[in-house]
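Remarks on the structure that follows.
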Amino acid sequence: MIKRIKVIGLFVMLAFLCCGCDAIHASTTRDIRHSGFALSGAELICDALLKDPDYDKVKFLTGKHAITESGILYELSVGQKYSNEQHCMASSLTQKVVALFDENIVKTDDGKYHYIVRSGENAAYTVVPTSDSNYMIIDAIMRDSQVLKVKTVDASAGHYYVLKKDGNVYNYVVAKTHNSATVVSSPVVYSKSNYQGDIIDFSYAGKASGTSVRTTSQIFRMMATNKEECSKYVDVACEYEMRLDEGLTKHQSEILGFSGTYLITTYGKQFNAGA
């Protein structure tokens, strides 16, 4: 009887501890959900990124990779684990990553460009050859050591949004011929003076919730100004405007990585943006 009571007591204690962990971060989870993000049923197990996030923080997050501030590239698996029993593992790319182009190409500290996902017959982590149809555009933008991140806005028109080390995001207009590519203009599209601090990351999805700007202290997102009406009526289109996301900003210290549509907290919860 005593043994049975001890076993029941142990289960109760474990349940309390598990609930306690969730309770500590309940307000963060709630506010992230109020910002329009759906909580994933799967938690991220990744000691390299979660065990001591203050050591090497995530700089850029994609759906399949995390790039740390020191330039280490990690592969992410949202569902199935790797053989290390984790949902992440360091990639085979030994060079440090210094810039990201869309979510499939990086520039390393040796000045070379690498695929980070398979592209046609080119395996992940191989060097982008000059024969690649986009090589000239990639090089025209990424050869600048001040460039940190590039997002294609309209390839046919030659428009690319570019985050630079000065904390601004520029609209690079690239003119391409059969043997060259040149940046012909680069007006500021997201100015740090409008966002109360240097911009450290951004995402772009047009007039949609996936567009965001992140500074060292705040997160701004494209939000529907008529959300109640456009979510209720099929014939009312949502009208978007870039606004401060108070919920995400309030808990920015607990956000490990944010791609605009995908978010990971420092306590391993995963969220995906809704419509």
**OP:** Express in nm, to one decimal, how much length is gained between residue 243 and residue 96 on full extension, taking 0.36 nm for each residue of separation and deducting their alpha carbon distance.
**Re:** 49.5 nm
Original post:
What's the extension gain from residue 272 to residue 216 if we count 0.36 nm per residue and subtract their Cα-Cα distance?
Top reply: 18.0 nm
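At 222 nm, what helix-only mean residue ellipticity would the chain give, in deg cm²/dmol to the nearest 500, using -39500 (n - 2.57) for each DSSP H run of four or more?
Taken over the chain, the calculation gives -5500 deg cm²/dmol.
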**OP:** Using the heavy atoms of the protein chains and a 1.4 angstrom probe, tell me the accessible area per residue for the chain in square angstrom.
**Re:** 54
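Would you mind calculating the relative contact order of the range 120-275 from Cα pairs under 8 angstrom and at least 6 residues apart, reporting the percent as a whole number?
Across the range 120-275, relative contact order equals 12 percent.
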Original post:
Where the accessible area of the range 18-144 is counted over protein heavy atoms with a 1.4 Å probe, how much of it, in %, is carbon and sulfur?
Top reply: 50
Original post:
Under 11 Å from a point 7 Å along the Cα-to-Cβ line of residue 47: which residues of the range 65-86 have their amide N that close?
Top reply: 84-86
Original post:
Roughly how many whole Å is it from the C-alpha centroid of the range 76-104 to that of the range 243-258?
Top reply: 23
Original post:
If each of residue 207 and residue 127 carries a label point 7 Å out from its Cα toward its Cβ, how far apart are those two points in nm?
Top reply: 4.5
Subject >> Estimated inter-spin distance, residue 194 and residue 110, nm [label 7 Å along Cα→Cβ] >> reply: 4.0
Original post:
Mean separation of Cα pairs under 8 Å and 6+ residues apart, divided by the residue count of the chain: what relative contact order is that in percent?
Top reply: 16
Original post:
Would you list 106, 188, 173 from the most to the least accessible area, probe 1.4 Å?
Top reply: 188, 173, 106
Original post:
Considering amide H positions built from the backbone, and no H for Pro or chain starts, which residues 5 or more places from residue 242, or on another chain, come under 5 Å of its amide H?
Top reply: 223
Subject >> Spin-label proximity, residue 103 to the range 178-206 - amide N less than 15 Å from point 7 Å beyond Cα toward beta carbon >> reply: 202-206
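The values are calculated or read from the model by the stated rules, or taken from the named source; none is laboratory data. This structure is a prediction, so every number in the text was calculated from the model and none was measured. All Cβ positions, glycine included, derive from the backbone under ideal geometry; neighbour counts span all protein chains shown. These area figures cover heavy atoms from the full protein model, side chains too; ligands, DNA and RNA do not enter into them. Shrake-Rupley method; radii C 1.70, N 1.55, O 1.52, S 1.80 Å.
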